[in-house]
Every structure is written in C-alpha cells, then in structure tokens.
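Have a look at the structure below before the remarks.
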Amino acid sequence: MTTWHWVRHGPTHEKNFVGWRDVPADLSDAPRLARLNLHLPDDALLLSSDLIRAAHTADALEQPARRRLPHEPDLRELHFGAWDGMHFSEVSARDPDLSRAYWETPGDVVAPEGESWNQTKARVDRVVARINTAYPQAHVIAVAHFGVILTQVQQAQGGGPLEAMAHKIDNLSVTHLVHESGNWQIKAVNHTP
C-alpha cells in the first residue's frame, strides 16, 4: 500500500495563468507551515515538481526522518503554453473558442504550444506508477500543483476530468490518496491542517 499525501505548493499571488512559468511561492506563513508539517507523516518520502514554488515548499517540509527524492519535472503544472503569463481575459480574447473548450471539455483539447489535460495526466500517472512500484509500502509526500493533484483525484475516483476539476485544491492543502494492488481510495481532498 502506497499512501500519497499530495500538497499544493504555497501561494504565488499571481493573477495570470501560471503553468510552467517559474514563479516563487510565498512561504511566510510559519504557523500554517508548522501545522502542515505536524499533519504529515514523519517517516515519508518527500518529492516535488522541479518548479521553484513546489521545490521550495518541499524544502520547508524537510525533516531528518523524511527521505528527499530528486525533483520530478513530470510533476509540473498543466502546460499552458502561449497562455502562460496571460490574464484569463487576454486568453479569452486571443483564443475564445479554444480557451472555452479547454476548460469546458477538458481532455484532448491542447493549449497553444502547451498540452492537454490528458497529456498532463499521462505524464503524472507515469511518475505515480513508478513510485508505487518502487516504494509499495511507503508514505509519499508529493508537493505539486493544482492540475497535477486533480489528475490524481481523477485517477482515484474514476470518471472524467470535469468531475475531478469540480474539487477545490487550496495552497498548502493535503489531498490523501491510497494505492493498494491497483486500486485507489480517496481519504481526503483539500484538507487544510
């Protein structure tokens, strides 16, 4: 049984699309980080996306008993391509039909110069499957992004992307999923200690 504790990185305070753009997280809320640290298991593997907002959040969760694994580029956020850094209104004006389809019928719709929901899910699924195989009895703290975490909620609950996207994932929240013998259980989504 591999137990996943998905943590969304600290807030960026960005108002525009942030996908693969490397922006820092605000980790100044020490009491909240302390509560998060207390909530997470001490004896766990710790990994993160290679983007600094996730990597630095993982740094704040390091403890002697937690084994840090190398950063995982495939745990990056949805790749918004040409939309990254643009405000929603600019994206809507630039690509009205495509941007609407991207959010209303997610799956195979690809952001310009970016990727689709299904492409994101496939790369994240590969990382998760590799970790599940390599560490079948571990607790894993994975610091990642909104879209990444929702791909795994989708994997655990079944169904499509829209059902997964209905969940809220707050910064510094924990989504707790358990994998055992090919089956998934959702223990908590968006828990904020």
Quiz item: Is it true that some residue in the stretch 178-187 is open to solvent by less than 10 Å² (accessible area, probe 1.4 Å), without any contact (Cβ under 8 Å) to a residue 40 or more places away in the chain and in contact with a strand residue (DSSP E or B) (Cβ under 8 Å, 6 or more places away or on another chain)?
Solution: no
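Just checking, how many residues over the stretch 161-192 are of a type outside the set (A, V, I, L, M, F, W, C) and either part of a strand (DSSP E or B) or modelled with pLDDT under 95 (or both)?
Step one: of the stretch 161-192, the residues of a type outside the set (A, V, I, L, M, F, W, C) are 161, 163, 167-168, 170-171, 173, 175-176, 179-183, 185, 187, 190-192.
Filter again for either part of a strand (DSSP E or B) or modelled with pLDDT under 95 (or both), leaving 175-176, 179-183, 185, 187, 190-191.
Of the residues in that region, 11 qualify.
Against the definition (modelled with pLDDT of 95 or more, touching a helix residue (DSSP H, G or I) at 6+ places or on another chain (Cβ under 9 Å), part of a loop (DSSP other than H, G, I, E, B) and not β-branched (Val, Ile, Thr)), how does Asn37 come out, yes or no? First the steps, then the outcome.
Details: modelled with pLDDT of 95 or more: yes; touching a helix residue (DSSP H, G or I) at 6+ places or on another chain (Cβ under 9 Å): yes; part of a loop (DSSP other than H, G, I, E, B): no; not β-branched (Val, Ile, Thr): yes.
Spelling it out, it is not the case that Asn37 is modelled with pLDDT of 95 or more, touching a helix residue (DSSP H, G or I) at 6+ places or on another chain (Cβ under 9 Å), part of a loop (DSSP other than H, G, I, E, B) and not β-branched (Val, Ile, Thr).
Is it the case that some residue within the stretch 76-87 is among the aromatic types (Phe, Trp, Tyr) and in contact with a His (Cβ under 6 Å, 6 or more places away or on another chain)? Walk me through it before giving the result.
Step one: list which residues in the stretch 76-87 are among the aromatic types (Phe, Trp, Tyr), which gives 80, 83.
Those left that are additionally in contact with a His (Cβ under 6 Å, 6 or more places away or on another chain): none.
No, because not a single residue in the stretch 76-87 is among the aromatic types (Phe, Trp, Tyr) and in contact with a His (Cβ under 6 Å, 6 or more places away or on another chain).
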Quiz item: Is one or more of the residues making up the stretch 2-10 open to solvent by 70 Å² or more (accessible area, probe 1.4 Å) and not in a strand (DSSP E or B)?
Solution: no
Quiz prompt | In the stretch 58-113, the residues that are open to solvent by less than 80 Å² (accessible area, probe 1.4 Å), among the acidic types (Asp, Glu) and over 23 Å from Ile141 (Cα atoms) | solution = Asp84, Asp95
Practice problem: Report, by residue number, each residue of the stretch 114-162 that is in contact (Cβ under 8 Å) with a residue 60 or more places away in the chain, surrounded by 14 or more Cβ atoms within 10 Å (Cβ to Cβ) and not hydrophobic (A, V, I, L, M, F, W, C). | Solution: Gly114, Asn132, Tyr135, His139, His145, Gly147, Gln152
Exercise. Taking Glu62 as meeting all but one of (1) touching a strand residue (DSSP E or B) at 6+ places or on another chain (Cβ under 9 Å); (2) within 24 Å of Lys121 (Cα to Cα), write down the number of the exception.
Key: (2)
Practice problem: Please indicate, with yes or no, whether at least one residue in the stretch 18-33 is open to solvent by less than 50 Å² (accessible area, probe 1.4 Å) and closer than 28 Å to Pro136 by Cα. | Solution: yes
Quiz item: Out of (1) exposed (fewer than 14 other Cβ atoms within 10 Å of the Cβ); (2) at pLDDT 95 or above; (3) more than 20 Å from the chain's Cα centre (by Cα); (4) more than 28 Å from Trp184 (Cβ to Cβ), the odd one out for Asp42 is which?
Solution: (4)
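The values are calculated or read from the model by the stated rules, or taken from the named source; none is laboratory data. All values reported here derive from a predicted model rather than from experimental measurement. FYI the Cβ positions are ideal-geometry reconstructions off the backbone, even for glycines, and counts take in every protein chain you see. Only protein heavy atoms, including side chains, enter the accessible area calculation; ligands, DNA and RNA are left aside. Shrake-Rupley method; radii C 1.70, N 1.55, O 1.52, S 1.80 Å.
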